[in-house]
Amino acid sequence: MALDEIANQITDDEFALDTIQGERVIITSPIILGTAGSEWEGSPIFRRDYLLALLSHSIRHKVLNAADIDAALDLGAARNAACQACG
C-alpha cells in the first residue's frame, strides 16, 4: 500500500459528530483503512497531518479539550516511567 493512498487531511464532509450513550464522538470516513490485499488491510492508518486534523476537529467540536490532551501526555509519561522502573 502506497503512502499517497492514505488520507492526510480531513475535510468537512469526511467526518460526522454524534452523541452515543451520552458521550460526544467524532466519526471518520473509511478512507484511512488499509486497502484490500495490503499488509494492513482493514486497519486504520493515521498519517501525522490526519492526526493533527482529527485533534483540531475534535477540540473545535468539543469532543476533546486541551486539558484532555495534556492529561493524556502526562499519563503516557507516567506509564513510560513505570515501565522503565520495572525493567
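Couple of notes before you dig in:
Yes/no per residue for (1) small (G, A, S); (2) at pLDDT 90 or above; (3) in contact with a strand residue (DSSP E or B) (Cβ under 6 Å, 6 or more places away or on another chain); (4) part of a loop (DSSP other than H, G, I, E, B):
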| position | (1), (2), (3), (4) |
| --- | --- |
| D4 | no, no, no, no |
| A7 | yes, no, no, yes |
| T19 | no, yes, no, no |
| I31 | no, no, no, no |
| Y50 | no, no, no, no |
| I59 | no, yes, no, no |
| V63 | no, yes, yes, yes |
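- Residues of the stretch 39-76 classified as surrounded by fewer than 10 Cβ atoms within 10 Å (Cβ to Cβ) and in contact (Cβ under 8 Å) with a residue 12 or more places away in the chain, total: 3
The values are calculated or read from the model by the stated rules, or taken from the named source; none is laboratory data. Since we're looking at a predicted model, the values are computed, not measured. Because the Cβ atoms are built from the backbone with ideal geometry, glycine has one as well, and the counts that use them run over all protein chains shown.
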